[in-house]
Amino acid sequence: MSKKIVIIGFGLIGKALKAKIDKVPGWNILHIVDKDRTFSASGEALDSFNPESPRLDLLIPEGCDLAFLAIPTYDKGETAYCYIRYAVERGIPVVTCEKGALSYYWTNLEKFMGKIGYSATVGGGTRLLPYLKQRVHGRDDVVVHVVVNGTLNYIFDEMAHAGRSYGEAVEEAQRLGYAEPGATDYLQVLNGEIKDTVMKTAILFNACMKKSKTMRPDDVSLKLLEKDDLARLIKESKNRRYIVSFLPPGNEQENDIIGGFEYECDGWRISAGFQAINSNPLFLNWLPRGVNNSVLTYEGDFGEDGIYALSGPGAGSKPTTASMIRDAKILLGFGKH
């Protein structure tokens, strides 16, 4: 059966999405929305619009079967939220990799989650969210550690194992498309990625652990890095990785963390930052290499129910869009979770 698709955003992710959609039999792109214009699937310019007050009824028209949202987080997710809310209120599923809308507006969108594919918002192509949701599933005896930013992991993995300097590692991350290209303030590059982890942490908590209270990025007091912090991180690069930890009631962890935040929500103690690897024996054999993301769960009293891990590419257009396509097929009834 033919499906009519709209792509909103045509950067690296949008272009990779189009290439994959073109290979799916029966999926037809109605148009592509990019900045202030719409384009046909062949690239022909169609109509212009005012991005400050777009006609959503034209951008996501009646009869559309699904919309892919592949825009960056411009703000606190307001732009993405408007697109998502408009579509799902009309019964049109949305698949998104944008993080702001779900991290800041989870409460508003929660009743529509059955129409939203959001696996690519955390973990890239890893499908970390559905995996962790299944593992935790309302339990309060699971310790969770997560690497949710492939760029930060890549930079420090390159320094620790490839012998690169900090500047070389950042430049390579930029060349490969993992970090913002052209940025010369390398401290700002790290802080930008740290801000990204707060949104991902909020989505992860709300999707997998929330019982009554929703986590929002604004709830967190985030400590960004300063020059002295960066100097220490470079010196200790072999023993530091950016890890987010979720501790249920009754669990303690001695935190030796640079940057990030500590926060309590719904009984969970959440900490994030450049943790010392040698502070936890579980980290030594678990931490992912390169740009990968990973989640580690330590389940039951003293781990009696087992220790489990999932790893996979946390950045890159191809893994991310592969996960988005899988979400789309599930929402359209072509597959299972």
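The values are calculated or read from the model by the stated rules, or taken from the named source; none is laboratory data. Only a predicted model underlies this, so the values are computations on that prediction, with no experimental measurement involved. Positions of Cβ are backbone-derived with ideal geometry, glycine not excepted, and every protein chain shown enters the neighbour counts. For accessibility, only protein heavy atoms count, side chains too; no ligands or nucleic acids. Shrake-Rupley method; radii C 1.70, N 1.55, O 1.52, S 1.80 Å.
Side notes on the structure shown:
- Listed values for region 211-227 are Karplus-derived 3J(HN,Hα) couplings in whole Hz (6.51 cos²θ - 1.76 cosθ + 1.60, θ = phi - 60°), namely 10, 10, 9, 8, 9, 10, x, 5, 6, 9, 8, 8, 9, 7, 7, 10, 4, and x replaces Gly and Pro.
- Nearest-ten-degree value, helix 150-161 long axis tilted from longest Cα axis of the chain: 40
- Near Lys238, once Lys and Arg are set to +1 and Asp and Glu to -1 for all other residues with Cβ below 15 Å from its Cβ, the sum equals +2.
- The sum of -39500 (n - 2.57) across all DSSP H runs of n ≥ 4, divided by the residue count of the chain, sets its helix-only mean residue ellipticity at 222 nm to -10500 deg cm²/dmol.
- The charge dipole of the chain, taken about its Cα centre with unit charges on the Cβ of Lys, Arg, Asp and Glu (plus for the first two, minus for the last two), comes to roughly 1080 debye.
- In terms of its C-alpha gyration tensor, region 166-250 comes out prolate, because a/c is 1.5 or above and the ratio a/b outweighs b/c.
- Sparsely packed trypsin sites (Lys or Arg not before Pro) within region 124-196, loop by DSSP, other Cβ within 10 Å at most 14: Arg139
- Charge-dipole axis of the chain as Lys and Arg at +1 and Asp and Glu at -1 on Cβ define it, positive-most pick from Thr320, Leu66, Tyr83: Leu66
- Taken per residue, the accessible surface of region 261-337 reaches 47 Å², heavy atoms only and a 1.4 Å probe.
- All-pairs alpha carbon distance profile, region 1-67, 10 Å steps from 0, percent: 21, 56, 21, 1
- Average accessible area per residue (Å²) across region 13-87 - probe 1.4 Å, nucleic acids and ligands excluded: 53
- Karplus-derived 3J(HN,Hα), 6.51/-1.76/1.60, for each residue of region 33-44, Hz, glycine and proline x: 9, 9, 6, 10, 9, 10, 10, 6, 4, 8, x, 6
- Among the listed pairs Lys111/Lys223; Lys18/Lys76; Lys15/Lys111; Lys99/Lys210, those whose Cα-Cα separation exceeds 22 Å are Lys111/Lys223; Lys18/Lys76; Lys15/Lys111.
- Rounded percent of accessible protein surface that carbon and sulfur make up, the chain, 1.4 Å probe: 48
- Per residue solvent-accessible surface (Å²) - region 149-258, probe of 1.4 Å: 46
- C-alpha long axis of helix 12-21 to longest principal axis of the chain, angle in °: 60
- Set of aspartates and glutamates with alpha-carbon distance to Lys200 below 14 Å, sequence-local pairs under 8 removed: Glu98, Asp218, Asp219
- Based on the Kirkwood approach, the hydrodynamic radius assigned to the chain is 20.6 Å, with every pair of different Cα atoms included.
- Count Lys and Arg as plus one, Asp and Glu as minus one, and take only other residues whose Cβ is under 12 Å from that of Leu69; the net charge is then 0.
- Between region 1-23 and region 189-246, the C-alpha centres lie 31 angstrom from each other.
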